[in-house]
Structures are given as C-alpha cells and as structure tokens.
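Participant: Below is the structure I would like to discuss, written out as structure tokens.
The values are calculated or read from the model by the stated rules, or taken from the named source; none is laboratory data. Remember, predicted model here, so these are calculated numbers, not experimental data. With ideal geometry, Cβ positions are generated from the backbone for all residues, glycine too; neighbour counts draw on all protein chains shown. These accessible areas exclude ligands, DNA and RNA; they are computed on the full protein's heavy atoms, side chains included. Shrake-Rupley method; radii C 1.70, N 1.55, O 1.52, S 1.80 Å.
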Amino acid sequence: MDAALFDKLGLDPKAPVLQCEDLCISYYTRAGEIPAVMDFNLTVGANEAIGLVGESGCGKSTVALAIMQYMGKNGAITGGAVRFFGRDMTSMSELELRALRGSLISMVYQEPMSSLNPAMKIGAQLCEVPMIHEGLSRDQAKERVLEMLAAVRLPDPKRIFNAYPHQISGGQQQRVVIAMALLSGPKLMLLDEPTTALDVTVEAGIVELIKDIAKEFGTSLIYISHNLGLILNTCDKISVLYSGKTVEHGSVRDVFDEMRHPYTRGLFNSIPLPGADKNARPLIPIKGQMPLPTERPAGCTFGPRCDYFEEGLCNDPAPLKVSPVDAKGSHVVRCRRWDAIDWEAARPRRRQAEPPKIGAQVLEIDHMKKYYEIKDRSLMALIRGKASRYVKANEDIDFDAHAGETVAIVGESGCGKSTLAKVLLGLETATEGRVMLGDLDISNIPVRRRAPNEIGALQIIFQNPFETLNPAHTVGSQIARVIRKFGVASDPEEVRERVLKLLDTVRLPREFYERKPRQLSGGQKQRVGIARAFAGEPKVVVADEPVSALDVSVQAAVTQLLMDIQREQKTTVLFISHDLSVVRYLADRVVVMYLGHIVEQGSVEQVYAPPYHPYTEALLSAVPIADTSVKKRRIVLEGELPSALNPPKGCPFCTRCPRVIAGLCDVEEPPLKTLADGHQVLCHLEDQVFEEMEPVIALAEGYSG
Amino acid sequence: MSEATLQTREAPFITRLFTFRETRAAMAWSIGLYALAAIASGLGAPLFVQAIACAALVFFALNALWSVRESSIAVIGLALVLFWVLLATAAPLLPLRDPTAVSPAFKGLSEVLQIKTLLTYAPDMKLTEAQSALLEKPTWFGYSYEGETYTLGIDHKGRDILSRLIWGAQRVLVWASLATATAYIVGMLFGVMAGYLGGWVDEVISFVANIMLSFPVMVLYIIIITQLGASGVNVIIAVTFASAPGIMRIVRGLVLDLKTRDYIAAAQTRGESAWYIMLFELLPNARGPLIVDACLRLGYTTIAIATLGFLGLGLPPPEPDWGSMLAEARAKGATFHHMIIIPAAALSSLILGFNLMADGLREISLRD
C-alpha cells in the first residue's frame, strides 16, 4: 500500500522523511501580519525522534500545524518549504493532503478527551482510519484495530473497542489516540504535549509506550513538549525554540551536556534537579518575559533577557544566522557570542544559604476523615437498603506543620489532596477527627462561621492563574477587598498603601493596581494570587500546585518568590503538588497520599532515599529528569487508580503495587510502621525488604549539581 | 491575542474632542447623563434638560458607533436604534404638531375620501375640475392643505402622522426598555440564586419558571392585561412574567459554569456572603452573553408592546402608539396605504436594529 501511495503522491522513499527549509509561518490578524515562526530548519530521518522544546508562544505547535498543512483560515506559510519524502507539501492539493494526513503523517494532541469523538464508540472511530485510507472492509478493519489496541498495551481490547471514550480513563484514552495515529503505519508521527494532561505515573507509561512503539513500527517522531526531562527520555535530537526561532539544535546529549545558547542554559537553570534543594542550589529564573510577536526586539530576540547581552552586537538588526558549534555541524546555535561565554561559569553554583528556622507547631491534623455521602434514590437501592454510599476522600489524615516550614502533600489526581485543602479552608467540614489551627479546632467550622482573623490566618494560592482572579475587577480592588475583609485595615488610604506594598513584595509594578486581570500574563496573575493570599498576614498558606500551569522559566521565579516571602514572614506553607522535583527542591517535609490515605511521610531526605513505600518508589521513578548523568530504576505501574467509591480491600495500593504480597496485602489493612524518627510508612512489607531497597535515582560519578 | 498587541488607530477628531481618559468611561458618563436627563424630563423638568439629554446621546452615539466599528452589522444595528432613540428624545424640541389634535387638513382629506367612496359605487361618475385636482394631489408624503404641509401625511382622523410616529417612538422605547430592564432584574436575581445556591432553591425556582414557560406567551399577555387593565405599568408586569423565566434560565446556566472558577472559591475562602458573591463576583462576569441577549429581548419586547397595542390591550388611546396606529390603519388601509406602511416600517426598522446590534455584539465578543 505504501509503495502505491508513494507513487501516487510523487514521494521519493529515499529522501528524508521530513525536511523543513527556512520555513516561515505567519498569522494574519486585524493588527496585520504576525510572524509566528521564522527561518525554521529541521531534517527528520527515518526512525529518528526529534524533540521541539520551548515555552508557550514560541511557535512549536505552529510548526506542527504547518507540517500537517493545517493552518486554519488566518495562518499561512510565507516562505521556505516543507518537504515530505522530497515533495514540497505546500504544492500539494487538498485531495493529496487528505490522502497523506492520518495515513503517512499522523498527530497526537494534548487533550485525549477532546481528540476523541464522545458520541462514537472507540472501535467505530478507530475502524474509520483503515476503512478510509486503505479501503478495508469493516471486519478486516476491526481485526486490525483489535491488534493495535493490544499493541498499545490496553487491557481487554475487546471491551475498549465497544466502549465510549468517557468510559475509560485519561491514560487509556491517550493510548487509544496513539493507536489511532499508528493504525495506518505512518512514516511520521507528531506528538503535541501528549502527556501534559496526565498524571506522572500514567505519563511514565505513555512515554515508555511511545518510545517502544516508534521503534517497532519504524515511525519517525516529532515530540513537542515543554518538559526537558521527557525529551531526554524519548528523543535523539532536540530543537530549542524561542520566540519563533530555533536557538539551538543538536543531539540530545550535546544540548543537555554542552548547551551553547544562553536561553537553553537559562531553561536548565530554572528547573530543579534531583539532589538539589532550595538551600543548596537556588533556582535561577530567566529575567523578564518572552516578547509579544509584535514587539520582538531587533537582532537576537533573547537579547533583552540575556545575561551576556552586548550592546551593538546582539541587537544588530542584520539577520542572525545559526552557527555550528562542533566540527560536524550537527550542533548549531543562533547566538553571536556563544564562543565568548564562559560556559563552566554559567553553571549554577552551590550556594550555602541559611536553612529557615522551623518554629512552633502551627497546624495539627489529628486522625481527620472526610467522607462524602452519595444518596442513591433509585428503587433498587431502596429495596436493597443501600440508599447511601460513601466516597472515602480522606481516610485517617494525621500530620502536623510548624511555623516557617514547607510541608509538601504529594499524590496523583484523586488521592484526596484537594479534599484535604477544602477541609482546611472550611469549604467542607470533616467527618471525624480534629484539625487544630493554634488552639482552635477548625475541622467543623465552615468558613462562613469563622472570624475574619481566623480566615485570614489560613489562605490558599490556587493552581490555575487564569481563573484565580475575577476578570471583572481590577487587581488593586481584589487585593484591597481581602485587606478590608480580614480587618487588617479599613481606612481607604491605608488600604491602598498596603496593596501597593504587597505589589512591591511580589515584585509587580505599582501601575498594576489599576489593571484588569486580562492585561496580565500567567506568571503575573499568579503573583497577584500570592499577594492576595498573603494580604491577611496568614499563619498557614495552602499552595495548590501554584506553578504547575506556568512556563518553566516563570515557574522558577514564582517558586523563588513564594519561598522568599515565606522566609520573611515565617509562614507555614502546605505545598500540594504532583511534581516531585519541585517538592524535593522546596519542601522540608513530605506527605505522600494515595486514595485518601497517607502512605508515607517524613523529612525530604527520608522520603527521597530508601527505604521507600512502594508507591513513593514508583512515583520517584516516573519523574522525568532533565539530566544525562542521572540513572533511574524503571518501575512502571500497571492498572488504574481504583475508585474511591469502591476502594480495594486491605491496602489501598495493593491493586497496582509491584511488591504486593498475595494473601496479605489484599486482605488485611497495612500497619503504620515507623522506620525512623518522623518517617512513617503504611505498608505490610518486612523490615528486611525495606532495608534492602536501592535508591531509585542514582547520580553518576562526578555529579556537581 | 492580547489587546496590547493590537495597534489602536487614531479616533476621528470629533470623538477625540469629546473623549476624556478612555472611550469606555466617556460612554458610561454620557449614557448616565442621558438617563438622568431623560428621567428628569419625564418627571416634568424644563425643556433645556431635554436638550442636555440629546447632546449626551449624540456624544454617546458617536463613541458607541466608533467602538463597534469592527463589525459593520453592529454599526448598522446601532445606527438604526440610535436614530429612533434620538428622535424620541428630541420629540419635545422638534417643531411637531400635537399628535392627538385633529388638524384642519382633515376637512380636505374627508373630501377626497368622499369622492373615492362615490367612485367605488359609481365608477362612471363625472368629476368636476376641482374634484379631479383634489384626487391628483398626494394624500400622504408632502400632503398639503391651505398652505400647511404634512410631511408624512395625516391619518383618517386628520392627525399628523409624522408627529404621531415620533411621539409613538418615545412611548415604545420607554416602555420596551423599562419592561426589559424589569424582566432582567427579576430574571437575573432568580437565575443567580438558582445557579449559585442550588439545592431546593434551584428546584423551586426552576419549577415555577418551567410552568410559566409552558404558557403560550400571547395567552399570558392577554390574561394579565385583561385582568389588570391596560396601562404602561401593567405592560411591564406582563412582559416580566413572559420574559423573566427565559432570562432566569440563561443566567442560571452561566452561573453554573462560572461558580466552578477559582476566583469564586477564593471569595468563599475569604468568607464573603452569598449575596456579595452572587452580585459582585458572578453577575459582572456573566454580562457578555447577557448584553447580547438583552438586545434581542428588547426587540421581542418591542414586538410584544406593538402586538398588545394592536390588540387594543396596550397603552390607552388616544396617545400615539405604533401598535394602535397599525390597528387603526387596518380598517382604513385599503384607502390610505401610508397609514399601514409608515408605522410598520418604523417598527420593523427598530426591531431589525435591535437584532443586528445583538448579532454584531456577538460577532465582536467572539472575535476577542
């Protein structure tokens, strides 16, 4: 089939799979032409995996859409060529493109739920691909689809074939999308952030699958991601994009170990690496933010943010070409000063900072339980006498937090960490147990009955910067409202003064007082969110994944800011996260949750080193790490998270645990073991097994952080 | 696409002349001033207040047309609506005849009517020269009698149609906007309560709304007006009963979506009362779709008021009212076509204006 299609479309099987030559892409808006990608070069050979990295707005998704020739009404290729097996795709007719898309080139998108049609059964959707492209009969297509569903390691392909998309989990959905992309044996597969919407352990499974399956099917990959760790795991070569241009391109090893562009260096400096914590190696954010496409500076677009900027050279408006770094010319950078920079000195230094002093106990959660009652009003339920069932969102939560301390609560979606936050904030009341804030048990006081100073003492920073501020009110009025509400100040002048001071604290210009949230970038919104949380001089701040929706370089700056304010005000921070590298970086103590239970807790050193709880072990193994000198033990979790409505008997983790002891774990509830002072694990494993555990993450010799 | 990236073109001189700080604020001030002046003159303030209202309105109109220039549909719609609003506001200032007075021209017209009637019975009748001259003269546009010209002619009772049209526009617009505003206040209040509070509040409100929505609208109007009597206030009550359930449903749907946002959780976690959250956190963010719906609903309400007038259930005669003008024309329409065409065209243009405005605003809101 391939040969016939190649002939029909005039493709040359000996040419490289994909070649982008000086590709320029623009969008046309009311404001005129906006160049999105300029001067983009890329060659993808057979079986090669290329990573495209960059922050949002750098043009990486635009490149993918251009390769698919799917630019929408207002986008167009303004220069250069995209050659697929030697044939320029811009010269193809719509009919030829249709024959190509989905058969020789396929794409996997970020949101699995929105790439599957919710009204069609999965089998029917998948069967369309071979039926349309290869003219197979329904039965032949079904056979092929079932094979492919098994190939992407979905359990019980027959059941999935007959299911609707909403009946399977997110990870399974993404596997289905990948199966769909592979059905016609494509030569090139584009993956646009395929795991961003998924949990870490699920992500690890999908990445593993993508890697294996590309080899098995002889497909070339273009993997778009903002996560450098994932690129290291999956790709052979990497292109780093900044503001519409490739700034560095080379083999993964070259770029990761010897990056030669200040932006790439900046990216690596702003992600926490294993073994580094906030006191030893502070993150170094890149200053400023990416320019808007209409306001790109002359010369090097990274110039204004670069530490090595040289007036007259870097902002010279002459076209900035890429220059080869090594003799072969396979590693190139777009920088005029790359050979003048001392790259050893650019590595972040260890800097011994004073660890924060941990004060008195502020928050004590004592055997707290939160069950949600689900009333079943059906007749059957009444007859059987099971009118209400319980979702056990939090089961026996027990830990405390001290002044100035950062306690991280780690777990994947559905582990109950958000419920815990709701109980603390008084949006829900606990079913059992106590939550002591100072001398006051707040577990049963809903927020409406709390006094203003009690509310102000416990505040939250939300995850999504685009929802955290009310778009109808100005930034200033939103912070001012909090100050008045908590009774910190009431005189209008004094309130205004305090708001301006808070804006200073979060390093935002004072003019932002009058701004509406839509005029702010994501990072700036999150800073306002932090200012708002700290407006009532809180004792405890719950930070619900405060940086996970932000770009890497902004993440570092916001994290740093949060830490600085905490250090200054001696606030306790409960840091809810699924990102174990960030947690390793900034937490003092870690609480790992699974299905409503705390499965492990202890200091960072205790949790990140053996002995581990088997779940922590798997989580650690799933974290993508952007460092070539780190060796990881691979533990991929099988199966899905059980429903909290119907948890497994015995240990909550027994259905997925690689170290499960049959006949014990699935029958009896595990005991809470104290392994060291303050280090507790909820597990059946023998002490001897714990002692023999090996570290998941190992640093190679000579690692300098 | 953020707003900052869009280059702002220079506003025309006239707009820049009046623009202080930014167009949005200028528009808010001018419409506020207009509303105050219009209400004051409605309560019997001296005539110059009306002039202030007109000036404020012209200023607002220029700014509003400039701010929707992106969408030609919105410009046309807004221009149509503002044309009528301006005429209605300026009615006391314009040299119009009394809309209810029977003019002397009625005598001339009745002669024509007589000849026409005679001709239908005796088509072969011989006409005198004076009679022929009368028949040849126009009876509507530019009808003149004893040296006085009636631009749009006179109706079968000899009243000046132009004057009735403009004064009628005032009544239609005032009652339509008052009725829509009342319906909106009621609908939004119940909608935000049903959406945000949920539970039994939602169940009760939704149930009542469903019952009201199951009534044919016309039947509802007729029942209410016949029970309460025909008056402006009762028209408002009738329109509110008919429209509020629909508005309530829209608001409820919007609120159900908005209340899951983090900023609502943020308001809850700082202990705001339910009313504060509903009125200051939720409603301002629902305004986009509501403004579009309000424009459409103004059109529906105009139709409703005209229909009520047509059925004789609207504003009591002899005050000019487009609906009752149409009803009167129905009887005489065979002889005096202009009596039907003029108010019907006016009514259609206003409703078209509202609908185009809604379309245009939706187009603009989708673009950003």
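Participant: Calculate for the protein assembly as shown the 222 nm mean residue ellipticity that helices alone would give, adding -39,500 (n - 2.57) per DSSP H run of length 4 or more and normalising by residue count, nearest 500 deg cm²/dmol.
Facilitator: Roughly -14000 deg cm²/dmol at 222 nm, from the helical runs in the protein assembly as shown.
Participant: So if I place +1 on the C-beta of Lys and Arg and -1 on the C-beta of Asp and Glu, and nothing else carries charge, what would the dipole magnitude of the protein assembly as shown be about its Cα centre? I want it in debye, nearest 20. The partial results should precede the final answer.
Facilitator: Working: 106 positive and 115 negative charges, 449 e Å.
Charge dipole of the protein assembly as shown: 2160 debye, to the nearest 20.
Participant: Same structure again: Which whole number gives the average count of other chain Cβ atoms within 10 Å of the Cβ atoms across peptide B:257-265? Write out the running numbers ahead of the final one.
Facilitator: On the way: counts 0, 2, 0, 1, 8, 13, 13, 2, 9.
Partner Cβ neighbours, averaged per residue: 5.
Participant: Sticking with this structure for a sec: In peptide A:469-477, what is the residue-averaged number of other protein chain Cβ atoms found within 10 Å of each Cβ? Mind dumping the intermediate values first?
Facilitator: Working: counts 4, 12, 4, 9, 5, 0, 0, 0, 0.
Average neighbour count from other chains, rounded to a whole number: 4.
Participant: Need one word for segment A:609-675: rounded, prolate or oblate. Basis is the Cα gyration tensor (sqrt eigenvalues a ≥ b ≥ c); a/c below 1.5 gives rounded, then a/b vs b/c decides.
Facilitator: prolate
Participant: Also, quick follow-up: Quote the accessible area belonging to residue A:567 in square angstrom, nearest 10, computed with a 1.4 Å probe and with ligands, DNA and RNA left uncounted.
Facilitator: About 90 Å², rounded to the nearest 10.
Participant: Using +1 at the C-beta of Lys and Arg and -1 at the C-beta of Asp and Glu, which of A:460, B:132, A:555 has the Cα lying farthest in the positive direction of the dipole of the protein assembly as shown?
Facilitator: The residue sitting most towards the positive pole is B:132.
Participant: Using only the alpha-carbon atoms, how far is helix B:337-367 inclined from the longest principal axis of chain B? Give it as 0 to 90 degrees, nearest 10.
Facilitator: 20
Participant: Gain in length, residue A:429 to residue A:70, computed as 0.36 nm per residue apart minus the alpha-carbon separation, to one decimal in nm?
Facilitator: Working: separation 359, 0.36 × 359 = 129.24 nm, distance 5.03 nm.
Gain on stretching residue A:429 to residue A:70: 124.2 nm.
Participant: Name the aspartates and glutamates eligible as straight-distance cross-link partners of residue B:259: C-alpha to C-alpha under 15 Å, and not fewer than 8 places from it in the same chain.
Facilitator: In chain and number order, the partners are A:467, B:202, B:272, B:281.
Participant: Among bridges DSSP assigns within the protein assembly as shown, what percent are antiparallel (round to 5)?
Facilitator: The answer is about 65 percent antiparallel.
Participant: As a test of the definition: with a 1.4 Å probe, what buried accessible area, both sides summed, do you compute for A against B, in Å² to the nearest 100?
Facilitator: The contact between B and A buries close to 2300 Å².
Participant: Can you give the FRET efficiency to the nearest 0.05 for residue B:227 and residue A:2, using r as the Cβ-Cβ distance and R₀ = 56 Å? Intermediate results must be reported in sequence, preceding the final value.
Facilitator: Working: r = 79 Å, r/R0 = 1.41.
Approximately 0.10, to the nearest 0.05.
Participant: Among the listed pairs A:211/A:649; A:158/A:632; A:158/A:237; A:60/A:422; A:370/A:673; A:369/A:516, which have their C-alpha atoms separated by more than 32 angstrom in this model?
Facilitator: Too far apart for the 32 Å limit: A:211/A:649; A:158/A:632; A:158/A:237; A:60/A:422; A:369/A:516.
Participant: Whenever you get a sec, compute what percent of the accessible area on the protein assembly as shown sits on carbon and sulfur atoms (1.4 Å probe).
Facilitator: Carbon with sulfur: 57 percent of the solvent-accessible area.
Participant: Still on this model: For a Förster distance of 41 Å, can you work out the FRET efficiency between the beta-carbons of residue B:100 and residue B:211, rounded to the nearest 0.05?
Facilitator: 0.50
Participant: Mind listing which chymotrypsin sites (Phe, Trp or Tyr not before Pro) in segment A:572-672 are in a DSSP loop and have 16 or fewer other Cβ atoms within 10 Å?
Facilitator: Here no loop site has a sparse enough neighbourhood.
Participant: As an exercise, identify the chymotrypsin sites (Phe, Trp or Tyr not before Pro) in segment A:30-111 lying in DSSP coil whose Cβ has no more than 12 other Cβ atoms within 10 Å.
Facilitator: Numbers: sites: A:40, A:70, A:84, A:85, A:109; in loops: A:70, A:85, A:109.
Listed in order of number, the matching sites are A:70.
Participant: Mind ranking A:314-323, B:263-272 by how tightly packed they are, going by the mean number of other C-beta atoms within 10 angstrom, highest first?
Facilitator: On the way: A:314-323: 13.4, B:263-272: 22.0.
Top to bottom by mean Cβ count within 10 Å: B:263-272, A:314-323.
Participant: Averaged over its residues, how many other protein chain Cβ atoms are within 10 Å of peptide A:443-453's Cβ atoms?
Facilitator: 2
Participant: Right, here's the next one. Which of A:414, A:429, A:388 sits farthest toward the positive end of the charge dipole of segment A:357-440, with +1 on the Cβ of Lys and Arg and -1 on the Cβ of Asp and Glu?
Facilitator: Towards the positive end, the residue furthest out is A:388.
Participant: Net charge near residue A:500, counting Lys/Arg +1 and Asp/Glu -1 over other residues with Cβ under 12 Å of its Cβ?
Facilitator: Cβ neighbours under 12 Å give a net charge of -2.
Participant: Say R0 is 30 Å: what FRET efficiency, to the nearest 0.05, do residue A:90 and residue A:640 get from their beta-carbon distance?
Facilitator: That pair, residue A:90 with residue A:640, gives E of 0.10.
Participant: If the only charges are +1 at each Lys and Arg Cβ and -1 at each Asp and Glu Cβ, what is the size of the charge dipole of segment B:162-367 around the Cα centre, to the nearest 20 debye?
Facilitator: About 260 debye.
Participant: Let me know the charge dipole size of segment A:30-176 about its Cα centre in debye, to the nearest 20, where only the beta-carbon of Lys, Arg (+1) and Asp, Glu (-1) is charged. Please report the intermediate quantities before stating the final value.
Facilitator: Values: 15 positive and 14 negative charges, 77 e Å.
Using only the charged Cβ atoms, the result is roughly 380 debye.
Participant: Let a ≥ b ≥ c be the square roots of the eigenvalues of the Cα gyration tensor of segment B:235-362; is it rounded (a/c under 1.5), or, if not, prolate (a/b larger than b/c) or oblate?
Facilitator: Because a/c hits 1.5 or more and a/b exceeds b/c, segment B:235-362 counts as prolate.
Participant: Now, a different point. Taking only protein heavy atoms into account and a 1.4 Å probe, give the accessible area per residue of chain A in Å².
Facilitator: I get 42 Å² per residue for this part.
Participant: Shape verdict for the protein assembly as shown, please, from the Cα gyration tensor: rounded (a/c under 1.5), prolate (a/b greater than b/c) or oblate. Walk me through the intermediate numbers first.
Facilitator: Numbers: a/c = 2.04, a/b = 1.73, b/c = 1.18.
In terms of gyration-tensor shape, prolate.
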